[in-house]
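Structure first, then comments.
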Amino acid sequence: NKSLTGFRNTSTYLCIRKRILTIFLWMMKKKNLQMLLICGVLLVTACKSKSKEEPQSDYRMEGDTVHITDRFLSEKIKVTDARLEPYSKEVITSGVVRPIPTRYACIASPFAGRIIKSYIQIGQLVNRGTPLFEISSPDFTTAQKEYFQALSSQELAKKDLQRKEDLTKNGVSSQKELEEAQNVLLIADKEFENASAALDVYQVEHPGDMTLGQPLVVRSPISGEIIENNIVTGQYLKDDTDPVAIVADLSEVWITAQVKEKDIRFINAGSSLDIEVSALPGTVIKGNVYHVEEVVDEDTRSIKVLSVCDNSKKQLKLGMYTTVHFRSTPVEQVQVSENALLQGEKDSYVYVQIAPEVFVRTSVEVEITKNGFAIISNGLHAGDKVISEGGYYLK
């Protein structure tokens, strides 16, 4: 083997060989077995003392400094430069898919009444103002009456004011009566505005053309898709009934994640992130941080982070659990080959070259190892020459 071959080339081996031959020839002459044994012991002792004088290593240690003394060992060692590379701190946590509130609407009846017609079905796309269902309600009829009464009062007040103005010009009516007529019209205008606003809330189109007692047409307040439809024709709804339909625009969704207090410094509004879901193995969906809340959950010591994520392909479903990979703004950090790292009893270290065939053991702090490289947060500088292969020969 290799070690035996090396030993045969040393002076120790040559010494042993010479002495064995000399003693063997002498004992052959004397034929004294006892003397042969004694000489054998003396021979081994002498050769051991001789062998201690021979170097047994290809390098020598002086504290943390290593001096390589063997050319063959030097050829096994590869040295590369530590370099600066952009690095983004990655924070991994779980998240839940939620709708964006401004793109999500629960449709409930504004009045107690009976549904007399439905216009929609599940999965249907609707626009803002699209009719969803009609409901007949005494309360809506009352709102209609108030509108028509306010309209009538306004018209009468206008006519009365016009008449008082004519009488005042002809000296028949007093200025006081004119001012009273103006105040009556002002009040009538306000009452009409209130009655019209009440109908606007229920998206009544062209209230002047409606007939008293007609059903209310409930319309969609946003554009989106019908994701829930519990409308049943003939069903009577109370004014506190749960929503009967849900309209949502899910082309974009929120990802609600809880980030530990210690990691929140790496996350800022606008930062990019990657999202993975178990239902789509190998698929990465992109997103951006929308808002970082200002309050820490005292029970979990975490902070809620809202992120906007594109969902035009409808891959994300509401309520899905996700794995969120947040990335901080890239900064320059020292990077070396992962093979350069060696593990000691208390720390990780590398060998830094300070002269030809001279290296110093240097402790380092490792941020992360990824894709065959190690990001060093402390202990090295850009341009340091580090043993990237073969460092284990020096352990």
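The values are calculated or read from the model by the stated rules, or taken from the named source; none is laboratory data. It should be emphasised that the depicted structure is a prediction, and the values quoted were computed from it without experimental measurement. Note that each Cβ is placed from the backbone with ideal geometry, even for glycine, and that neighbours are counted across all protein chains shown. These accessible areas exclude ligands, DNA and RNA; they are computed on the full protein's heavy atoms, side chains included. Shrake-Rupley method; radii C 1.70, N 1.55, O 1.52, S 1.80 Å.
Just to be sure I understand the model, the point goes 7 Å from the Cα along the line to the Cβ. What's the resulting residue 301 to residue 127 distance in nm?
Computed distance between label sites residue 301 and residue 127 equals 5.4 nm.
Can you tell me the dipole magnitude for the chain around its Cα centre, using point charges on the Cβ only (Lys, Arg +1; Asp, Glu -1), in Debye to the nearest 20? It would help to have the intermediate numbers written out before the result.
On the way: 47 positive and 52 negative charges, 881 e Å.
Roughly 4220 debye for the chain.
With θ set to phi - 60°, apply the Karplus curve 6.51 cos²θ - 1.76 cosθ + 1.60 along region 75-83 and write out the HN-Hα couplings as whole Hz, x wherever there is a Gly or Pro.
6, 7, 9, 10, 10, 10, 8, 6, 9
Using Cα-Cα distances under 8 Å and only pairs 6 or more residues apart, what relative contact order does the chain have, in percent? Could you put the intermediate results ahead of the total?
Numbers: 705 pairs, mean separation 92.0, N = 395.
Relative CO of the chain lands at 23 percent.
Show which aspartates and glutamates lie in cross-link reach of residue 164 when reach means a straight Cα distance below 18 angstrom and same-chain residues fewer than eight apart are skipped.
By straight Cα distance, residue 164 reaches 155, 177, 179, 180, 189.
Just want the answer: with Cβ charges of +1 for Lys and Arg and -1 for Asp and Glu, which residue in 215, 267, 369 is farthest toward the dipole's positive end in the chain?
369
Ranked by accessible surface with a 1.4 Å probe, highest first, in what order do 360, 386 come? Before the final figure, lay out the partial values.
On the way: 360 35, 386 5 Å².
Highest to lowest solvent-accessible surface, that is 360, 386.
Starting from region 306-380, pick out the trypsin sites (Lys or Arg not before Pro) whose DSSP state is loop and whose Cβ has at most 15 other Cβ atoms within 10 Å. Please list the in-between numbers first.
Numbers: sites: 313, 314, 317, 327, 346, 361, 370; in loops: 313, 314, 317, 346.
Passing sites in region 306-380 are 313, 314, 317, 346.
Let me have the 222 nm mean residue ellipticity of the chain computed from DSSP H runs of 4+ only, each contributing -39500 (n - 2.57), with the sum over all residues rounded to the nearest 500.
Working: 6 runs with 112 residues, N = 395.
Here the helix-only value at 222 nm equals -9500 deg cm²/dmol.
Hydropathy first: keep DSSP H helices in the chain averaging at least 0.5 on Kyte-Doolittle, then drop any whose Cα extent along the axis falls short of 24 Å, and list what survives.
33-52
Can you check what the net charge comes to around residue 323, using other residues whose Cβ is under 13 Å from the Cβ of residue 323 (Lys, Arg +1; Asp, Glu -1)?
Here the count lands on -3.
If you take Cα extents along the principal axes in Å from the coordinates, which of (i) 166, 52, 34; (ii) 60, 43, 40; (iii) 59, 50, 36 do you get?
Calculated Cα extents along the principal axes in Å: the matching label is (i).
How much net charge surrounds residue 363 when only other residues with a Cβ under 15 Å from its Cβ are counted (Lys, Arg +1; Asp, Glu -1)?
Neighbourhood net charge equals -3.
What are the ³J(HN,Hα) couplings of region 373-379, residue after residue, when phi is run through the Karplus curve with 6.51, -1.76, 1.60 and θ = phi - 60°? Round to Hz, x for glycine and proline.
10, 10, 8, 9, 8, 7, x
Rank these residues by their accessible area, most exposed first, probe 1.4 Å: 168, 211. The partial results should precede the final answer.
On the way: 168 40, 211 80 Å².
The ordering from most to least exposed comes out as 211, 168.
Would you work out the relative contact order for region 185-248, in percent, from Cα pairs under 8 angstrom that are 6 or more residues apart?
That works out to 29 percent.
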